[in-house]
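Derivation of every value follows stated rules applied to the coordinates shown; laboratory data play no part. Note that this is a predicted model, so its numbers are computed, not measured. Note that we place each Cβ from the backbone using ideal geometry, even for glycine, and neighbour counts take in every protein chain shown.
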Amino acid sequence: MKRIYLDYAATTPVDKEVLKEMLSYFNKKFGNASSIHSFGQEAIAAIDKSRGKIAKLFCCDFSEIIFTGSATESNNLAIKGLVRKISEFGFQATANLSYRKDLRLTPKSTRTLHIISTKIEHESVLEPLKELEESGHKVTYLPINREGFIKILDLEKNIKDNTVLVSIIYANNEIGTIQPIKEIGKLLEKINKKRQESGFSKIYFHTDAVQALNYLECRPDWLKVDLLTFSGHKIYGPKGIGGLYVRKNTPLLPIISGGGQEFGWRSGTENVPYIVGIAKAVDLAIKNREKRSKYILDLRNKLWKNIIKYNKGAKLNGSFSSRLPNNLNIRFAGLSNEMLIVALDQAGIAVSAGSACSSRALAASHVLAAIGLSEKEAKESVRITFGKDTTNSEIKKTIEIINKIVKKL
Ligand code: PLP
């Protein structure tokens, strides 16, 4: 039986072109980038080229791209790194000093700071926020409406004198809804101008763009963000590699210290093959973005049309309009998602119940709860996500099988 993979939001297969670029760095050009000899030079040259490639695509400076071990790490570094730095060293602390010098400075007394985020962030944002709350900082989680969006007015109303960070997911990993990041960026820029005159800290803006990069414009200057997270394995690159855009002069305390790699932000011997891989994956994602988005959207809409035609109890969770082209999150009223996922898997179709990254357990989704679904309704919902390799015949087969299984169950 040929299996059909419809869980591209969980992970994607490595693109052949990406793999090809990576291979020689495993066993031929395997040097440590910190070594002075030619093997080391070969490695550092590959890292520089990869960083330069992403910087060019993001229209930012070479030194503003950091490689990490995952998007989870990037989110942790952005959130805990920024808040702890400002809390301990004051908001005048910037990235101008090398982190080694910074660590030698005596921290001023720790201040309580305020962060604004949402209830529909990925766990890799929610957990660092919880840690910051446990150490005395305050977090406001903006409410989400039924369609899956925050209101910019809510954000504006919740800004306080000690607000230092706004962290909002660009496109949600479960329901695919796209937040108005550019509009928020513009608003914060306006507010920051006034705050600067009054001597308050700038409010830094972070977005988790892990699910967005395949489909949406992510240039940091265009979005007006200071920190932007991306991941290798969601864009047909390898797992275990992430990236973080950090605007110049953004205060950040490293969360991993050691040899001072990655401009001091992230110590540890650089993973050269994966860095080469993520750079190629970003390149392909951006170059093919428009074409792939259109292709996938057609397939997605075809599946959805045929599901609602034959299943009157099927409801789409989240907005239909401002949503990633590859995402469907559907509630089949009265049908447990666990039963449906298992039955579909037995028929060769892989879909999921929501976020696959947190655990294998089918706990009710915090995202679906945030848009107002009851626990029972959340447990009747499945996420179907498409990718560049999804074919028309796979969709035809999926329509047939879903309709048959749903009727039977
Ligand atoms: N952020 C979002 C929106 C995600 O979907 C994921 C993974 O599902 C992550 C962060 C974590 O990415 P990684 O697996 O690279 O740690």
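Summary table below
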{"read-out": "With Cα atoms, 0 to 90° folded angle of helix 38-58 axis to the chain main axis", "value": "70 degrees"}
{"read-out": "Cβ-based exposure ranking for Phe58, Phe67, Phe30, in which fewest neighbours within 10 Å come first", "value": "Phe30, Phe58, Phe67"}
{"read-out": "J(HN,Hα) series, the stretch 84-90, from Karplus relation 6.51 cos²θ - 1.76 cosθ + 1.60, nearest Hz, glycine and proline x", "value": "5, 4, 5, 5, 8, 10, x"}
{"read-out": "Straight-distance crosslink candidates among lysines, where the alpha carbon sits under 22 Å from Lys239 and sequence neighbours closer than 8 are dropped", "value": "Lys16, Lys20, Lys28, Lys29, Lys49, Lys53, Lys280, Lys287, Lys388"}
{"read-out": "Cα-Cα P(r), the stretch 229-284, percent of pairs per 5 Å interval", "value": "4, 18, 25, 23, 19, 10, 1"}
{"read-out": "Global size of the stretch 191-320 as Cα Rg and Dmax, reported in angstrom", "value": "19.7, 60"}
{"read-out": "Whole-Å semi-axes of the chain's equivalent ellipsoid (Cα gyration tensor)", "value": "37, 28, 17"}
{"read-out": "Whole-number D in µm²/s for the stretch 305-409 (Stokes-Einstein; Kirkwood sum over Cα pairs; 20 °C, 1.002 mPa s)", "value": "151 µm²/s"}
{"read-out": "Calculated FRET value between Gln41 and Lys239, using beta carbons and R₀ = 25 Å, to 0.05", "value": "0.35"}
{"read-out": "Neighbour-count ranking [beta-carbon atoms within 10 angstrom, fewest first] of Leu77, Leu213", "value": "Leu213, Leu77"}
{"read-out": "Cβ-based net charge around Ile65, under 15 Å, with every Lys or Arg adding one and every Asp or Glu removing one", "value": "0"}
{"read-out": "Nearest-ten-degree value, helix 392-408 long axis tilted from longest Cα axis of the chain", "value": "60 degrees"}
{"read-out": "Residue-by-residue Karplus 3J(HN,Hα) for the stretch 260-268, coefficients 6.51, -1.76, 1.60, Hz, glycine and proline x", "value": "x, 5, 6, 6, x, 7, 8, 6, x"}
{"read-out": "Cα long-axis angle, helix 337-346 against the chain (0 to 90 degrees, to the nearest 10)", "value": "70 degrees"}
{"read-out": "Fewest-first ranking of Leu188, Leu316, Leu335, using other Cβ atoms within 10 Å as the exposure measure", "value": "Leu316, Leu335, Leu188"}
{"read-out": "Listed residue pairs exceeding 19 Å between alpha carbons, taken from Lys224/Lys248; Lys130/Lys234; Lys80/Lys130; Lys138/Lys202", "value": "Lys130/Lys234"}
{"read-out": "Kirkwood Rh and Cα Rg combined as Rg over Rh, evaluated for the stretch 132-194", "value": "0.98"}
{"read-out": "Over the chain: helical MRE at 222 nm, DSSP H runs n ≥ 4 each giving -39500 (n - 2.57), nearest 500", "value": "-13000 deg cm²/dmol"}
